[in-house]
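The values are calculated or read from the model by the stated rules, or taken from the named source; none is laboratory data. Bear in mind that the values here come from a model prediction, so they are computed numbers and not experimental data. Reconstructed Cβ throughout: ideal geometry from the backbone, glycine too, with neighbour counts over all protein chains shown.
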Amino acid sequence: MNFSGMVLPDGSAASTASEMFSFTGLPELLLRFGINLVVIILLVRWLYYTTTRRKDYLFTYILISSVVFLLCYLLESVSLQIGFALGLFAIFGIIRYRTNPMPIKEMTYLFLVIGVSVINALTVGTSLFEILFANIAVVLITFGLEKVWLLRHTSSKTIVYEKINLIVPEKYDEMIADLQQRTGIREIKKVEIGAINFLKDTCRMIIYYEDNSRSVNLADQNGYIIPESNEDDD
């Protein structure tokens, strides 16, 4: 008798029991899961974490990748496949944590770990060499962008500047020299002038500079710190 109360023939019951306790697909599952885990650790722990030093996203990426892989692999027999994979991208692609918007680089790595997990789980009928080539290609491309080509990180700071007499184009060089002296930033690449308050003789500006340390300072990300609502009020 099955769970719905229907009596099954002895042959069906034996077949169901044998399929339930079959270990024939376990070696392939372990192999694919191992490949996926190694690739994700290379991408997240070696490439991402060494640059950003953010343990919260490190924890998130590894768990999301593992769960997505197991979901895709174990549900692969159901006729979902392409629609299921696209649905995962749509769901996780719109994730925004409750406290702050997810930065673009972290969103890119989230898309990357989901994509790698889906590739490793749903490539039925694909040879092991093709799967390894896809994973190695992703790792090498990410390594080239993260460690070789993008050696210098451009950061930005939003500041309130009180010397509005220097924001005119004719005094741009003088303003840059003043900002470099007061902020300690030696190489300011660009300055964007925002709202100007003539009552307080202040203006908002964003200064862009190159950070040779290659570590991402969260305070430098635009929009990460929300100014007080009454800052410009009398």
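If you go through segment 30-54 and pick out every residue that is at pLDDT below 90 and either in contact with a strand residue (DSSP E or B) (Cβ under 6 Å, 6 or more places away or on another chain) or surrounded by fewer than 15 Cβ atoms within 10 Å (Cβ to Cβ) (or both), you end up with 2. In summary, residue 195 fulfils each of the numbered conditions (1) over 30 Å from residue 28 (Cα atoms); (2) assigned to a helix (DSSP H, G or I) with the single exception of condition (2). Restricting the search to helices (runs of 4 or more DSSP H) fully inside segment 63-161 and requiring at least 1 residues that are over 23 Å from residue 46 (Cβ atoms) and at pLDDT below 65 gives 81-93.
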